[in-house]
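Following: one structure in C-alpha cells, then a few remarks.
The values are calculated or read from the model by the stated rules, or taken from the named source; none is laboratory data. Everything quoted here is computed from the prediction, not taken from an experiment. Cβ sites come from the backbone with ideal geometry, for glycine too, and all protein chains shown count toward neighbours. Please note that ligands, DNA and RNA were not included when accessible areas were found on the heavy atoms of the full protein model with its side chains. Shrake-Rupley method; radii C 1.70, N 1.55, O 1.52, S 1.80 Å.
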Amino acid sequence: MTKPAVIVLAAGEGTRMKSALPKVLHQAAGRSLLGHAIAAAQGLDPSRVVVVVRHGRDQVAAEAKRFGPAVLIADQDQAPGTGRAVQCALAALDQAASGVLTEPVPERPGDATGDQAADAVRSVPAPSTTGSGDVGAVDSPDPAAAAGQAAEPGGDSQIVVICGDTPLIDSEVLQALVAAHEADGNGVTMLTAVVEDPFGYGRVVRDQTGQVARIVEEADATAEQAAINEINASVYVYDVDLLRSALQGLDRDNSQGEFYLTDVVAAARAAGRTVRAIISEDPSVVQGVNDRAQLAQASAAINQRIVAQAMIDGVTVIDPASTWIDVGVELEPDVTLMPGTRLSGATAVGAGSVIGPFTTLVDTVVGQGAIIDRTVANGARVGTGATVGPFTHLRPGTVLGQATKAGSFTELKAARVGYGAKVPHLAYVGDADVGEFANVGAGTIFANYDGVTKSKCVIGPAVRIGSNNVIVAPVEMGAGSYSGAGAIVRGDVPAGALAVSAGPQRVIEGWTMRKRPGSDSALAAERALSTQTGSARNIPPATIPAGSAPAAAVPAENTPAATIPAADTPAATIPAENTPPAPVPAPAANGETSSTAEPSGQGALDPTTLAWSAGPAAPSGEIPENN
C-alpha cells in the first residue's frame, strides 16, 4: 500500500463546546480529540502528517507536536472553510518536500470576505522562510502555486483528510479506505454512514445509478435532501492531482460563505473521475464531537472498546459499565478490576493484581499480585504482593516495595517503603525512606515541612514507631530502634535505642471544678465525688449490702441543682491538689461504723438507703465535707 500524506483539520473554533479550551483539545478516554486523530493517522505509516490550525493556534500546535514531533503545522489564513484549510496543508507538504521549513504566522483577527477570500484561495500565498519547521501563510502569491501545482512537487500520490474532532475513527478504518481507493483507482474515496438522525451532517446525494453525485451541507439542503439519512463522515482519500485541481475551482456561493471541501466531490464527477462511498457498518464510528453531550458519548464509546479488548486479553472486569480505562493503560492477564475502578495515564498493572472497588490510579505502576482497595494513587509505584487500602492516598513519588502494606486512612508522599514494611493505618508519611520490615504505628505523622523547607526522614530496618508519634524531619532512626507511644522524635535515634519524650503521668485532683466551674464536666465530677464521699470513702465495705442497694443509692440524672454546690462554694470545700484522700474510718469491733465516722453537726448516712440526712449544722444543699 502506498504511503499517503494525512491532513488533520483542527482549525475550528468549536463554539458549541462553550469553552475557553479549543474543541480538539478536550479529552476522551485520557487523550485529546486531536490526539485520537493523529494516532489514527500514524497507524497508516504515512509519509507526512499535517495539522491545520487557527483558533487557539499555539495550544493546538503544541498538542500536535506532543503526539508527533514530526507533525507539520499549517496555519489557515483568513479565508474560511475546510477547502481553504486543505489548500494551506498542501502548501505545507510542498514546502516540507522541498526542504523549506517556515515560520508560522500568528493568528490574525477577523475573516476575509468577498473578493479577498476568493483571491486567497486561488493564489495559495507562499509561506515565509525562517527554518522553524512550521508553515504559515503570508501575503505574497507564488506563481507556481497559483496554477495549482506544488512549488516543489511533494511526491505524494494520495492525500487522506480527516477531522480533528472525530475520535472514534481509528487506523483500521483508514487502512480499509486507502486499500479500497488503490484497488478501484478512484478519484475520491469517502466514508459515509446511514443514521436515524442525520441532523448536523452533510447529506450524500446519489444519482439514478446509485453513484455519489455530490455532498450537500445541511445549511444548504432542500427539504428533500435533508430527509436523506446517509451522511458524510468527513473522511476522504483523494488523488492528489485531482484534489489540487478541484481546490482551484472552489467558490463561496453557499449559505455559510465558506470554501467547502465537500464541493470537491461534485468537481471530481464533473471531471469524469470515480467517487466511491464506503458505508461504515458501525454508524458510531463517524460520530463527531461538537458539544459536551457528544463528548461524553464519544468517551463512553471509546471506553467500551478498551474494556472489551481488555477482557479479550484476559482481564476480569466485574462491572464493565462502571470501569473506565484510558488509552495507553497496560493490563497483564489475570488482573481483576472491581466496580468503580478508573485507570488513567501511563498506568500499568501486573498479572494477578486486584484493583478496586472504587479505586483511581493515575500514572501508577503496580506489580504482580498486589491488592489495591478504595485508593487514589497518582505517580506511584506499588510492588509485587503489596496491600493498599482501603481509603489510602498515594501521592507522586511514593514507592511501595514488595510485600508492603499501606493501610486504611494513610497518606504517603515521596515516600519509599522497603520490603515487608507496614504503615497499617491512620498515618502520614511524607519525604521519608522506611526500611524493610519497619512498622509505623497508628496516628503517626512525619512532620516534613517547617513552613519553608521540606526535609527527609530515614527510618532504618525493623524500626518500631509507637502509636501517635510525630517524627520531626530531618531525623534518622537506626536499625531496630523503637519509639514509645506519644513520642515526639526531634533527634536521631541510634540503632537498638528507645526514644521517649513523655514524662511521668501527673494527676491534679480537683482541677476540673476549680478551672471549669459550672461546666458539664465539673457537675459530672461533683456528682461522682459526692457519691464516692458518701459511700466508698466513709462507709466500711461490710455496711454496704452487696448487689442490693436500692436505686436511691445512686443520684438520679435529674438531681435538683440544690444538691450541687454553687459555683462560689468556698475553696475550702474542694480538696487541694495534693491533699491525700481522707482516711476511711476503721470499723468498730462489733462491725458497726465507729462513732468517729461522722463529725458532730454534719448529718448521717442512712444505712438502708445509703443517703445522707442533713444534720442540724449542715446548710441546705451542701454536701458534708469529708474529714
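Net charge of the neighbourhood of R48, taken over other residues with C-beta under 13 Å away and scored Lys/Arg +1, Asp/Glu -1, is -2. Residues whose amide H lies under 5 Å from that of V493, counting only those 5 or more places away or on a different chain, are E476, M477, G478; hydrogens are built 1.01 Å from N in the peptide plane. Couplings for segment 163-169, taken from phi via the Karplus curve 6.51 cos²θ - 1.76 cosθ + 1.60 with θ = phi - 60°, read 9, x, 10, 10, x, 8, 6 Hz in order; Gly and Pro are left as x.
Computed from backbone phi with θ = phi - 60° and the Karplus coefficients 6.51, -1.76 and 1.60, the 3J(HN,Hα) list for segment 276-289 is 10, 10, 9, 7, 5, 5, 10, x, 5, 4, 8, 4, x, 10 Hz; x is used for glycine and proline.
With all pairs of separate Cα atoms included, segment 271-327 yields a Kirkwood hydrodynamic radius of 13.8 Å. Over all distinct alpha-carbon pairs, what is the Kirkwood Rh of segment 352-430 in angstrom? Evaluated on segment 352-430, it is 11.5 Å. Over all other residues within a Cβ to Cβ distance under 15 Å of I302, the charged ones net out to -2, with Lys and Arg as +1 and Asp and Glu as -1. Largest first, the three principal axis extents of the alpha carbons in segment 176-219 are 33, 23, 17 Å in whole numbers. Once the convex hull of all Cα atoms in segment 231-287 is built, its volume per residue stands at 96 Å³. Ordered by 1.4 Å accessible area with all protein chains kept, D94, D184 run largest first as D184, D94.
For segment 322-394, what mean projected area does the convex hull of the alpha carbons give, in nm²?
For segment 322-394, the mean projected area of the Cα convex hull comes to 3.6 nm².
With a cut-off of 9 Å between beta carbons, the residues surrounding G345 carry a summed charge of -2, where Lys and Arg count +1 and Asp and Glu -1. Evaluated over the Cα positions of segment 231-345, the convex hull gives a direction-averaged projected area, one quarter of its surface, of 10.6 nm².
How far, in nm, would the chain grow between A300 and S501 when pulled straight, counting 0.36 nm per residue and subtracting the alpha carbon separation?
Once the chain is fully extended between A300 and S501, it gains 66.7 nm.
Cα gyration tensor of segment 183-267, axes a ≥ b ≥ c as square roots of the eigenvalues: rounded (a/c below 1.5), prolate (a/b > b/c) or oblate? The shape class here is oblate.
What the phi angles of segment 183-197 give under the Karplus curve with 6.51, -1.76 and 1.60, with θ = phi - 60°, is a coupling list of 5, 8, x, 6, x, 9, 10, 10, 9, 10, 8, 9, 10, 6, 10 Hz, glycine and proline written as x. Could you give me the percent of Cα pairs per 5 Å distance bin for segment 284-412, shortest bin first, beginning at zero and ending with the bin that holds the maximum distance? Calculated over all Cα pairs of segment 284-412, the distribution is 2, 12, 21, 25, 16, 11, 7, 4, 2, 0 percent.
For the set T453, T262, T360, the ranking by accessible area, highest first and with no ligand, DNA or RNA atoms included, is T453, T360, T262 under a 1.4 Å probe.
Solvent exposure of segment 222-354 amounts to 44 Å² per residue of accessible area, where only protein heavy atoms count and the probe is 1.4 Å. Computed packing ranks the peptides 81-92, 26-37, 169-180 as 81-92, 26-37, 169-180, most packed first, by mean other Cβ atoms within 10 Å. Taking amide H atoms as placed 1.01 Å from N in the peptide plane, the amide H of D363 lies under 5 Å from those of S344, G345, A346, T347, G379, each 5 or more residues away in sequence or on another chain. Of the Cα atoms belonging to segment 1-84, the radius of gyration and Dmax stand at 12.7, 41 Å.
Residues whose amide H lies under 5 Å from that of G430, counting only those 5 or more places away or on a different chain, are K413, F446; hydrogens are built 1.01 Å from N in the peptide plane.
Rounded to 0.05, the FRET efficiency of the E172 and T453 pair, given R0 = 45 Å and the Cβ-Cβ distance, is 0.25.
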